[in-house]
Amino acid sequence: MHLKRWLTAIVALPILVYLIGFGPRELFYLFLFLFSLAGLNEFYRLTLPGLPFFIKSVTGVINLLFFAGMYYGDVWLLLGLVSFAVVIPMLLFLFYDPTRGEKYLSETGMLVTGFIYVCLPLAMLMQIDNNLYYLRHGVKGIWIFFLLVITFANDTGAFYSGKFFGKHKLYETVSPKKTWEGSIGGVIFAFAVGIAFFKIFRIHPVNFSAFLLIFLLSFAGQVGDLAESMLKRNFNVKDSGVLLPGHGGVLDRIDSLLFAAPVLFVFLKMTL
């Protein structure tokens, strides 16, 4: 399993680097959209295994509108889409299968949660990749690379620190294997890699806000990892899917990213 993880990463890394740093932006955004569909499908397969195909198809259309709204940066359109993300599932259940009874409200909640949890953070990556950010620093997707590097450093540091030094359980009820030593190791490694990234590419001065950003990204990533562990534990599954050999499903690979992306998005909106 461990070998499969590294082999998958070695194969996927050049493709990802090309899409983010060198390929047409539309191709990268299409990749994000397709990835979000795969993640959304995994989320619904876990939480709503009996969801009719027609309703799944409609949620895919709503997801496309989410990405369109984020692409054009229209705040009012996004607010309207969030409302539609609530209203449309309710209407679908009302007219498509009104016999669901007491499941009606909880299933509607799960449909909406899927959009907010999976689709919106990935759509935010398009705004992070916006011309305002990468043209200012002369490198396409530079902040996307930073986010991925921090997330990977955090996950890798936590894994190996926990493996070699882990003794004290972090949150045994949710994830029995995670330890405080692993969590701290992940933060330390993220700091080391993040500061090095800032010094090399000079996209941000190495100051208090840089340290705060790295810490918040690391913290958010670890919380995202725990949140997905809780989700899988509640539904009694080991992996969210099988799309990525050695990694499980899409959600297994991007669980940290889904919580960290909004942090970077807000930071950039406030500072750039």
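The values are calculated or read from the model by the stated rules, or taken from the named source; none is laboratory data. No experiment lies behind these values; they were computed from the predicted model shown. Here Cβ is always computed from backbone atoms with ideal geometry, including for glycine, and neighbour counts include all displayed protein chains. When the accessible area is computed, the model is the full protein with side chains, heavy atoms only, and any ligands, DNA or RNA have been set aside. Shrake-Rupley method; radii C 1.70, N 1.55, O 1.52, S 1.80 Å.
The table below gives the values:
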quantity: Exposed trypsin sites (Lys or Arg not before Pro) absent: longest stretch of the chain, with sites in DSSP loops and at most 15 other Cβ within 10 Å deemed exposed; calculated: 1-166
quantity: Pairwise label distance in nanometres, F54 with S106, each label 7 Å out on the Cα-Cβ vector; calculated: 2.4 nm
quantity: Carbon + sulfur, % of accessible area of the range 167-272 - ligands and nucleic acids excluded, 1.4 Å; calculated: 69 percent
quantity: Two-site FRET efficiency, R233 against L272, from Cβ-Cβ distance with R₀ of 41 Å, rounded to 0.05; calculated: 0.60
quantity: Stokes-Einstein D (µm²/s) once Rh is taken as the Kirkwood radius of the range 150-272 over alpha-carbon pairs, at 4 °C in 1.567 mPa s; calculated: 86 µm²/s
quantity: Gained length - K199 relative to V17, 0.36 nm times residue gap less alpha-carbon distance; calculated: 63.5 nm
quantity: Phi-based couplings in Hz for the range 22-37 (Karplus 6.51, -1.76, 1.60; Gly and Pro marked x); calculated: 10, x, x, 4, 5, 5, 5, 5, 5, 4, 4, 5, 5, 5, 5, 4
quantity: Where the chain is the region considered: accessible area per residue in Å², 1.4 Å probe; calculated: 52 Å²
quantity: C-alpha long axis of helix 53-72 to longest principal axis of the chain, angle in °; calculated: 50 degrees
quantity: Karplus-derived HN-Hα couplings along the range 196-207 (A = 6.51, B = -1.76, C = 1.60, θ = phi - 60°), whole Hz, x at Gly and Pro; calculated: 4, 4, 5, 5, 6, 9, 6, 8, 7, x, 7, 9
quantity: 3J(HN,Hα) from dihedral phi, the range 107-121, Karplus parametrisation 6.51/-1.76/1.60, rounded to Hz, x for glycine, proline; calculated: 6, 4, x, 5, 4, 5, 4, x, 5, 5, 6, 9, 6, 4, x
quantity: Dipole axis of the chain (+1 Lys, Arg; -1 Asp, Glu on Cβ), positive-most option in L13, S83, P24; calculated: L13
quantity: Zero-based 10 Å bins, Cα pair distances in the chain, whole percents; calculated: 6, 27, 35, 23, 8, 1
quantity: Within-13-Å neighbourhood charge of P49 [Cβ basis; K, R +1; D, E -1]; calculated: +1
quantity: Shape call, the range 136-207: gyration tensor on alpha carbons, a/c limit 1.5; calculated: prolate
